[in-house]
1. As a footprinting exposure proxy, order Leu96, Leu299 by other Cβ within 10 Å, with the fewest listed first.
2. Starting at 0 and stepping by 10 Å, how many percent of the alpha carbon pairs of the range 41-191 end up in each bin?
3. List the residues whose amide H sits under 5 Å from the amide H of His322, counting only those 5 or more places along or on another chain, with H placed 1.01 Å from N in the peptide plane.
4. Round to the nearest 0.05 the FRET efficiency obtained for Glu92 and Thr45 when R0 = 51 Å and r is the Cβ-Cβ distance.
5. If every alpha-carbon in the range 37-124 counts as one equal scatterer, what log10 I(q)/I(0) does Debye give at q = 0.11, 0.14, 0.16 1/Å?
6. Just grab the label-to-label distance for Glu318 and Ser267, each label 7 Å out from Cα along the Cβ direction, in nm (one decimal).
7. Quick one: Karplus J couplings for the range 168-177, per residue in order, coefficients 6.51, -1.76, 1.60, θ = phi - 60°, nearest Hz, x for Gly and Pro?
8. When the Karplus curve 6.51 cos²θ - 1.76 cosθ + 1.60 is applied with θ = phi - 60°, which whole-Hz ³J(HN,Hα) does each residue of the range 211-220 get, with x for Gly and Pro?
Amino acid sequence: MPDVFHVLESVRLRAEPVAVRNAMRTPAALRRLVTGKPVELDGQTLDSDMAMILRLEKMAGLPRVESLPLPAGRAALKQRALLVTGEHPIGESRDLIVPGADGSELPARLYTPRGMHGSRPLLMFIHGGGYSYGDIDMYDGACRYLAERSGIRVLSISYRLAPEHRFPAGLDDCFAAYTWTQEHASTLGIGGSGRIAVGGDSAGGTLATGICRLAREAGVAQPALQVLIYPGTDASQRLPSHQLFGEGFWLTRGFMDRCEALYVDPSVQLTDPRLSPLQARDLSGLASAYVVTAGFDPLRDEGEAYADRLAEHRGEVEKRRHPGLIHGFLNMVGASGSARAAVDEIADRLRRL
């Protein structure tokens, strides 16, 4: 039986994936000595895996991302993700360049599961990070896992980040990438433009909602499915979950405020549906949606409110809350069985494509 305190000391001294994995493998009874009394809030109990990950982050002494200069903050957020993402086998991963808006070139990565033959549907995945952080490398493990578990291809795309490229550059890039993916369906092994889903987590989920509205306005075919993983859907207001979970559960109010300041020019109205899809007047005619939220997430309420509004506009919507999880669980598949189970559900929904 591992000495939990020795393992935790290794996390404090070496914030490395192997140290985190060893700590997460300690027996539940010993882990409870470290995490303390279960956290109960808003009728929910924080999952023990999440409590342990939060405790390990604190013990590692990692600085708050929003307190760092932007380049260092980007590196720090990637480090946090890589600590818990893990390594996952894949049949093939191939780097591409996809055209974005305004002549930009977007790094992308195409994942093909092992043993795949013939055409299959594809998920165009958009990474999170508040429009100013994150890249395809940060989500490499999560995309590998999704592709293998779902049995479909995943095309992970990047987009221009703020503040170098402010709103709406990121959304314009994602829509350009979507239209390119449709046009190249046959060469990507999809077998038809009607078999493309779009999705992402956090800001990536918000951008996926924007693709669907822009496609409707441009007369472009809707995706087969929009997969919205704890999306931000309303930058214009703070719903109760912001107050309940804005500190101590990975995603903080300080980080969200910094991202908004980096991404959005002060002259832009925060009710613009491209920033706040919950504020859109018309949500009809959009792709079917699978909306996933985490119970201990500041963005929980707005994600669920958006799912409800889609349903009100006669959209086909599946809504799933994981009450004990926190924001960012998609990138925790290498460290947490609870996160893995939640991501398995997402992959199983994609498999139905």
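Please treat every number below as a calculation from the coordinates, not as lab data. These numbers were taken from a predicted model, which means no experiment stands behind them. Ideal geometry is used to build each Cβ from the backbone, glycine not excepted, and the neighbour counts take in all protein chains shown.
1. Final ranking by Cβ density, sparse to dense: Leu96, Leu299.
2. With a bin width of 10 Å, the distribution comes to 10, 33, 32, 20, 5.
3. Thr293, Ala294, Gly295
4. With a Förster radius of 51 Å, E is 0.80.
5. Evaluating at q = 0.11, 0.14, 0.16 Å⁻¹ gives log10 I(q)/I(0) of -0.62, -0.88, -0.98.
6. 4.4
7. Karplus-based 3J(HN,Hα) across the range 168-177 equals x, 4, x, 5, 4, 5, 5, 5, 4, 5 Hz.
8. These are the phi-based 3J(HN,Hα) values: 4, 5, 5, 5, 5, 4, 5, 8, x, 8 Hz.
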